[in-house]
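Take a look at the structure below.
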Amino acid sequence: MIRKILIANRGEIAVRIIRACRDLHIKSVAIYTKPDIDCLHVKIADEAYEVSADALKGYLDAKKIVEVAKECGADAIHPGYGFLSENFDFAREVEDAGIIFIGPKPDVIRKMGNKNIARYLMRKNGIPIVPGTEKLNHESMDTIKKYAREIGYPVILKASGGGGGRGIREVWEEKDMQSAYDSCTREAKTFFNNDEIFMEKLVVKPRHIEFQIIGDNYGNIIHLCERDCSIQRRHQKIIEIAPCPSISEHLRKTMGTTAVAAAKAVNYTNVGTVEFLLDDYNNFYFMEMNTRIQVEHGITEEVTGVDLVVRQIRIANGEILELEQSDIKPHGYAIEARITSENVWKNFTPVPGTVSDYYPALGPSVRVDSHIYKGYKIPPFYDSLLAKLIIKTTDYDLAVNKLERALKEFRIEGVRTIIPFLLSISKSREFRLGFFDTSYVEKNLDKILENTIDDMQPNKNEAIAAIIAAMRKSARI
């Protein structure tokens, strides 16, 4: 029986998990590094322990986290997203210590965390995958170029252990292969401590559609419909929508059935996400499985009424999933806009600083998940996400209207944020009609920036030209 949970994370997701613990009358334990001592998750948890003076080391120190959990008497550890959430060694260490890991089994994390293994398992079980290769690290450059010619340019290089938009390089011409390969392996080694990469056919201008799945420890697995995550910048999601506003019910059912089959192929338990690429001809391909809670889980909660974090805890506690697929009937539409502390005019550079005033959007149909407050000092060491603005209403058009209204009301003073950029997207014709794919931001960047109202940017034309040049360079390296 789970009575106390240690949250091995920080910021917004830690706050979200603490609130779920309170809903279930479970004690919560926060961990923090010295720069995070004033973060909201530290203030509201029942207990809090410093794990390191180093900004990053503490959240990545598996042994120290398990040690703290044992000392404080935690029954379970929730990893959140990022950091150690998809580290199978951490999950195994937690279980070996006699503590419940709130997530899938370590071996499932291992298999699905390596994209090469995941591709093999999906292909073996009849799940459609993008044409590609096994790992390339022991192949000569001549052989790698040969594979690319056989697949057909453009291709994309991916880190086998990657995620979050890291370890990805598009290659449109053979002359760029060597530099792309070198930079991809280098980034993979830096961010994932694993330089293994593979190659896939680049599906040009796809939609990024992901299905939320949930399974108990007794073989019951369902999906909670889909999210459209196509509004991206540098493979990083900016705005997500549930359900997708532009796919048919038949396609939704087919993709959902396939997502459940993918989860069953690896005996998946707890909450996860199966991600697909969808092309112009309604062909869809397995991309990856995220073995954790997603940043954008809130919009699925809003349209289905299922509290995903509470469900994670209850499943880890051994409860049977009483929901059946027929019980899941999404109502209306939900949209999430990720509000980050970034300077749009300096190529989206993260901006630390002090929040001098904070007025989150309120009113009907609005939800804000955040960890900031007036006077909060944003540290320079972590992800730049400050808040998630979530809109839920009856139809897509009204949801976009409410998103625009909420973005106009949302104020974070003292630091630059991406809010004006998000507002420009919300006003665009393509977004309002649901006519967009993963190339939307890059393709329309000049127009989005031109309509981004920001009095602090006097040389807009020069800034736009510089941002577009930098973005296109990074996409082709």
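The values are calculated or read from the model by the stated rules, or taken from the named source; none is laboratory data. Just so it is clear, the model here is predicted, and its values are computed rather than measured. Don't worry about glycine lacking a Cβ; one is built from the backbone with ideal geometry, like all the others, and counts go over all protein chains shown. Side chains included, ligands, DNA and RNA excluded: accessible areas come from the protein's heavy atoms. Shrake-Rupley method; radii C 1.70, N 1.55, O 1.52, S 1.80 Å.
Projecting the Cα positions of 185, 239, 209 onto the charge dipole of segment 159-290 (unit charges on Cβ atoms of Lys, Arg, Asp and Glu, taken about the Cα centre) puts 239 furthest along the positive direction.
With both residues required to sit in the chain, DSSP beta bridges show an antiparallel share near 80%.
The residues of the chain have, on average, 42 Å² of accessible surface per residue, using a 1.4 Å probe with all protein chains present.
Contact order for the chain, expressed relative to its length and based on alpha carbon pairs under 8 Å spaced 6+ residues apart, stands at 14 percent.
Per-residue SASA remark: residue 345, around 20 Å² accessible (1.4 Å probe; ligands, DNA and RNA not included).
A cut-off under 9 angstrom between Cβ atoms defines the neighbours of residue 151, and their net charge, with Lys, Arg +1 and Asp, Glu -1, is 0. Sorting 138, 371 on solvent-accessible area from highest to lowest, probe radius 1.4 Å, gives 138, 371. Along the charge dipole of the chain, Cβ charges K/R +1 and D/E -1, which of 355, 365, 328 sits furthest on the positive end? Final value for the positive-end residue is 355.
Considering only 426, 412, 438, the residue lying farthest towards the positive end of the dipole of segment 392-452 is 412, judged by Cα position with unit charges set on Cβ. For segment 249-329, the set of chymotrypsin sites (Phe, Trp or Tyr not before Pro) satisfying both a DSSP loop assignment and a count of at most 14 other C-beta atoms within 10 Å is given as 281.
Packing-based ranking of 47-58, 95-106 yields 95-106, 47-58, ordered from highest to lowest mean Cβ neighbour count within 10 Å.
When only the Cβ of Lys, Arg, Asp and Glu is charged (+1, +1, -1, -1), the dipole of the chain relative to its Cα centre reaches about 380 debye. For the chain, there are no membrane-span-like helices by this rule, meaning no whole DSSP H stretch whose C-alpha atoms cover at least 27 Å of axis and whose Kyte-Doolittle mean is 1.6 or above; this says nothing about an actual membrane.
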